[in-house]
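Inspection log for the structure reproduced underneath, given as structure tokens.
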Protein chains: 2
Amino acid sequence: MNSDFTLAIHSLTYLALQTDRMSTSDAISESAGVHPVRIRKVLSLLKKQGFIASKEGTGGGFIFAMDLSDINLWDIYKITSEGALQPKCTATNDKCLVGANMKNVLFQIFLGAEEKLGDYLKDYTIKDIVEMIHQEKA
Amino acid sequence: MNSDFTLAIHSLTYLALQTDRMSTSDAISESAGVHPVRIRKVLSLLKKQGFIASKEGTGGGFIFAMDLSDINLWDIYKITSEGALQPKCTATNDKCLVGANMKNVLFQIFLGAEEKLGDYLKDYTIKDIVEMIHQEKA
DNA sequence: TGAACTGTAAAAGTTACGATTACAGTAACA
DNA sequence: TGTTACTGTAATCGTAACTTTTACAGTTCA
């Protein structure tokens, strides 16, 4: 699984606990244990979707732009990792019934798998994640 | 997604079309477009599960050892790729509520996701894949 | 005995991923 | 207005993961 997905969840959860002020990529990166540039890269995707807002310059940073329960993990997955389940098997061999058609068959199967994954991920909103984090602490 | 998974499906489907005789790793590797050693490596896992049998020496190779409809994609996934959905986020940051607990929360979520994936993959047997390959050709 | 296989380990090559560096642009504030 | 603190983004570099390749021991059959 693409780690951009979990990094986006992490960042959004972080922001969810600070909805009254902006958080810098430095602060988030420290929480997530990755480089700040990666945070900015991932968050720029979320910004394009309107999930968060950002502000440059002194006192700038990132902040939530929607209600916590209006963003679910499937939304995030689609932005950061859509198609990640698909295998890369590029090779086809036209001389062989299997080699020639396996690629398309697998594509269909993984498409269905991603759909099922979507149904599951839709049930988790950022608000849910925040609650789970709190329960985990207790 | 781990390509061992698709390689195993490919190999088993190949064998499914030749249940009356043995197939060599060379033949399968040509169909799948990978190196024969990889085929042998993946198939050795399937052999341990009793899905296939193998025979060394002249005229040897691999052959199906079960009914085609007794092996489904979830069985294969478990052997080749279990836990592949889990992200690698190793870092935890005890100074931060999110950083400290996100790992466990995500672990639970991905565990559930893999279970859902399992429910989906269980519906596809090798026999189904063979049929899909034939339909694809037509 | 030699040819055709599997079974494995180890080395070498390649690709994908993430960190790092660099720098342009923007905003606040002294 | 100039310095500091940020985002935004591209490019380079290092490293880990994945594949191929090589190598060779073991097995089977003719």
Odd one out for A:Ser54 among (1) of a type in the set (S, T, N, Q); (2) more than 10 Å from DNA strand D (Cβ to nearest atom); (3) in contact with a Lys or Arg (Cβ under 7 Å, 6 or more places away or on another chain): (2)
Given (1) in contact (Cβ under 8 Å) with a residue 24 or more places away in the chain; (2) assigned to a helix (DSSP H, G or I); (3) over 20 Å from A:Met102 (Cα atoms), number of the condition B:Gln86 does not satisfy: (2)
Within the stretch A:61-105, considering residues that are facing chain B (nearest Cβ under 9 Å), touching a Lys or Arg at 6+ places or on another chain (Cβ under 7 Å) and surrounded by 18 or more Cβ atoms within 10 Å (Cβ to Cβ), the one modelled with the lowest pLDDT: A:Cys89
Answer from A:Leu15, A:Leu45 - the residue that is out of contact with any His (no Cβ under 8 Å at 6 or more places or on another chain) and within 13 Å of chain B (Cβ to nearest Cβ): A:Leu15
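So how many residues does the stretch B:89-112 have that are in contact with a helix residue (DSSP H, G or I) (Cβ under 6 Å, 6 or more places away or on another chain) and in a helix (DSSP H, G or I)?
Matching residues across the stretch B:89-112 total 7.
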Some residue of the stretch A:120-130 being facing chain B (nearest Cβ under 7 Å), farther than 30 Å from B:Ile129 by Cβ and assigned to a loop (DSSP other than H, G, I, E, B): yes
Count - residues of the stretch B:83-122 that are under 17 Å from the mean Cα position of the chain (by Cα) and of a type in the set (Ser, Thr, Tyr): 1
Odd one out for B:Ser25, checked against (1) within 17 Å of the chain's Cα centre (by Cα); (2) of a type in the set (Gly, Ala, Ser); (3) within 10 Å of DNA strand D (Cβ to nearest atom): (3)
Condition check for B:Gln108: of a type outside the set (D, E, K, R), in contact (Cβ under 8 Å) with a residue 24 or more places away in the chain and facing chain A (nearest Cβ under 8 Å): no
Counted residues, the stretch A:11-52 - those being closer than 17 Å to A:Asp67 by Cα and within 12 Å of DNA strand C (Cβ to nearest atom): 1
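The values are calculated or read from the model by the stated rules, or taken from the named source; none is laboratory data. As the structure is a computational prediction, the values presented were derived from the model and not from experiment. Counting neighbours? That spans all protein chains shown, and the Cβs are built from the backbone with ideal geometry, glycine included.
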